[in-house]
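Engineer: Quick one: the structure is below, and I'll ask about it shortly.
The values are calculated or read from the model by the stated rules, or taken from the named source; none is laboratory data. Everything quoted here is computed from the prediction, not taken from an experiment. Glycine also receives a Cβ, built like all others from the backbone with ideal geometry; neighbour counts cover every protein chain displayed.
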Amino acid sequence: MGVKVPHEQRKASPRKYLMCRPTYFDVTYSINPWMDPERPTSMETGLSQWKWLFDTYAGLGHDVRLIEPVPGLPDMVFAANGALVVDGKVLVARFRHPQRRDESAAYLEWFGRGGWSEVRQAEYLNEGEGDLLFTGTEILAGTGFRTEARAHDEVREFFGRPVTGLTLVDPRFYHLDTALAVLGDGEIMYYPAAFSPESRAVLAERYPDAVLAEEADAAVFGLNALSDGRTVVLPRAATGLAARLRERGYDPVGADLAELLKAGGSVKCCTLELRE
Ligand code: ARG
């Protein structure tokens, strides 16, 4: 099982990611408990932190594409929310909050330029990879705050992949990707208290070897991490999780995205994986 795989056996696979430069980043409204519009933000700091992430992925050999930011859409830097892309099929998000609804058009336009076998917008509320995480075999699908439960059936039908629904209960962890991350080889890490008792039981049964995060690591968004199968980029403050990952043969790399955290997002939120 996934427990102590030696480091040399952890294999990174080259990935394609979509990111969005935080040109218009700001916190002008509050749609999650992290967002306080009274607190000043710095676009320059946000941009340099985001740039570090972009350069880190490129340095790891991943192919990073960019979608143009749109003025008036300050959360567009969180590209993970734009869609779910699996097997070359693209299901573009339908955002819960009106403040983010216009982002969908930008993603429809970007994916509409070609290269994808099917592109359409979700009919039900669905915040893309914020709530939908592909493990390589199944799609783990969050609900409770943003994506609605009936969207999970739509995802199952559209992708023809198994979907496991999980209910989030702590408003700090309003998207699945703030409470759970896929590491690779059917291995995940998550913060149990972010889930309903039923969902916790499902996770414990299906992923008995998962890395379980402590509150302190979850609270600094340590689970908003991105793995390529070997390197795991995660918020630098999540030192406990980094140590657990190292024990399991992964290479944790600490990111400082403090500016973007003011909007309730970090590493994974900034990154949409493009799976052909
Ligand atoms: N302010 C954004 C929102 O509340 C943050 C989105 C973070 N993205 C993510 N994938 N969790 O929608």
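Engineer: Determine if region 242-256 includes at least one residue that is within 15 Å of the ligand (Cβ to nearest atom) and either touching a residue at least 40 places away in the same chain (Cβ under 8 Å) or of a type outside the set (D, E, K, R) (or both). Steps first, please.
Structural biologist: First, pick out the residues of region 242-256 that are within 15 Å of the ligand (Cβ to nearest atom): 255.
In the following step, the residues that additionally are either touching a residue at least 40 places away in the same chain (Cβ under 8 Å) or of a type outside the set (D, E, K, R) (or both) were identified as 255.
Yes.
Engineer: Quick one: Ala238 ticks every box in (1) under 23 Å from Ala141 (Cβ atoms); (2) crowded, with 24+ Cβ neighbours inside 10 Å bar one, so which box is it?
Structural biologist: (1)
Engineer: A follow-up question, please. Filter region 238-266 for residues that are among the aliphatic types (A, V, I, L, M), farther than 22 Å from Phe25 by Cα and not in a helix (DSSP H, G or I) and give the result.
Structural biologist: Taking region 238-266 and keeping what is among the aliphatic types (A, V, I, L, M), we get 238, 241-243, 245, 253, 255, 257-258, 260-261, 263.
From what's left, farther than 22 Å from Phe25 by Cα: 238, 241-243, 245, 253.
Scanning region 238-266 gives Ala238, Val253.
Engineer: Out of Val163, Val92, Val202, Val119, report the one residue that is within 16 Å of the ligand (Cβ to nearest atom) and at pLDDT 95 or above. Steps first, answer last, please.
Structural biologist: On the way: Val163 fails: within 16 Å of the ligand (Cβ to nearest atom); Val202 fails: within 16 Å of the ligand (Cβ to nearest atom); Val119 fails: within 16 Å of the ligand (Cβ to nearest atom).
Just a single option satisfies the conditions, and that option is Val92.
Engineer: Let me ask something else about it. From the list Arg65, Arg21, which one is assigned to a loop (DSSP other than H, G, I, E, B) and either basic (Lys, Arg) or within 30 Å of Phe158 (Cβ to Cβ) (or both)?
Structural biologist: Testing whether each residue is assigned to a loop (DSSP other than H, G, I, E, B) and either basic (Lys, Arg) or within 30 Å of Phe158 (Cβ to Cβ) (or both) leaves just Arg21.
Engineer: What number of residues within region 14-36 are within 18 Å of the chain's Cα centre (by Cα), surrounded by fewer than 16 Cβ atoms within 10 Å (Cβ to Cβ) and of a type outside the set (Lys, Arg)?
Structural biologist: 2
Engineer: Among Arg10, Arg21, Arg15, Arg39, which is the only one that is closer than 20 Å to Lys268 by Cβ, within 16 Å of the ligand (Cβ to nearest atom) and basic (Lys, Arg)?
Structural biologist: Arg21
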